[in-house]
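Participant: Have a look at this one.
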């Protein structure tokens, strides 16, 4: 049985991958993480606890790994040390990057392929807090990984990932409103604002295939739905859920007049973002999960949790108050 090390493995896609690896019964699995998230999961799986940004990462140097799947890489300065520490001790390194390695606003409206140039990463950005310069730091880590020419590696660049364990609740915000609200706001400034989506289950399936695949490229845009607007996604959810909510359109000036900014609404990008899925689908030929199927899975998962109010986005009570005021002024 192959020895698989997962850096992370208890949050979102990592959790899904770990579940699939366990279900396959084909691998010896070890998780390396800080032990702070979803601590009750995977009690029968081997663990190495520690912070990868410290000397704790040296714990993984003591074994040979047939494959390492890296979900938790965010800081370039410690990445090269990690790769040097596992030199000769790993068969394949799979790195989860992001399409944000590209200067997305610069390529608004274009079909972004794997060959597009990545963003630079300044010295200040390399050490900036976690979500700051997220794409730039991932781009720098890709460059570091590519510099280790003898290492067998695969880089996956997902778009906006959605699925039942999405702790960001970016998609859940909209699904909550479709399921639970007779009416809700959907901003419209005339910009199509289409984005590229990655299904978490699709990404997990591809990752399991990537453990075994013999012939492969190095970098893949891992995109399930290349181009979709929030309005289209909302309509897809309404159809799947059998709901008919009233969607109240408001422009930025109307929202600002009531103390809400366009940027407060999850997933509303200021650009038209479209990443190519061609290479990934060619080299990893499996049937992708439909958007409707996963939206239903997300709905049912959150129903079991009691439909908690989503953390991102405008407060729902304030939103309903704004809708009343918009009706009055219109």
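The values are calculated or read from the model by the stated rules, or taken from the named source; none is laboratory data. Keep in mind it's a predicted model, so treat the numbers as computed, not measured. In this analysis, Cβ positions are derived from the backbone assuming ideal geometry, glycine residues included, and neighbour counts consider all displayed protein chains.
Participant: For region 27-44, enumerate the residues that are at pLDDT 95 or above and more than 19 Å from residue 96 (Cβ to Cβ).
Facilitator: 28
Participant: Quick one: is residue 88 exposed (fewer than 15 other Cβ atoms within 10 Å of the Cβ) and at positive phi?
Facilitator: Taking the combined requirement at face value, the residue satisfies it.
Participant: Which of (1) surrounded by 15 or more Cβ atoms within 10 Å (Cβ to Cβ); (2) at pLDDT below 95; (3) closer than 16 Å to residue 295 by Cα; (4) out of contact with any strand residue (DSSP E or B) (no Cβ under 6 Å at 6 or more places or on another chain) is the odd one out, the single condition residue 176 does not satisfy?
Facilitator: (2)
Participant: Does region 281-315 hold any residues that are part of a loop (DSSP other than H, G, I, E, B), in contact (Cβ under 8 Å) with a residue 40 or more places away in the chain and closer than 15 Å to residue 197 by Cα, and which are they?
Facilitator: Scanning region 281-315 gives 288, 289.
Participant: Can you tell me which residue in region 17-39 is surrounded by the fewest Cβ atoms within 10 Å (Cβ to Cβ), limited to those that are on the phi > 0 side of the Ramachandran plot and touching a residue at least 12 places away in the same chain (Cβ under 8 Å)?
Facilitator: 35
Participant: Just the residues that are at pLDDT 90 or above and in a loop (DSSP other than H, G, I, E, B), please, taken from region 262-279.
Facilitator: 265, 266, 267, 276, 277
Participant: Condition first: surrounded by fewer than 16 Cβ atoms within 10 Å (Cβ to Cβ) and either farther than 21 Å from residue 200 by Cβ or in contact with a helix residue (DSSP H, G or I) (Cβ under 7 Å, 6 or more places away or on another chain) (or both). Now tell me which residues in region 297-319 satisfy that.
Facilitator: 306, 307, 309, 312, 315, 317, 318
Participant: What are the pairs, 6+ residues apart or on separate chains, where a residue within region 128-154 that is over 18 Å from residue 71 (Cβ atoms) has its Cβ under 6 Å from a residue that is in a loop (DSSP other than H, G, I, E, B)?
Facilitator: Listed pairs, sorted by first residue: 136/119; 136/121.
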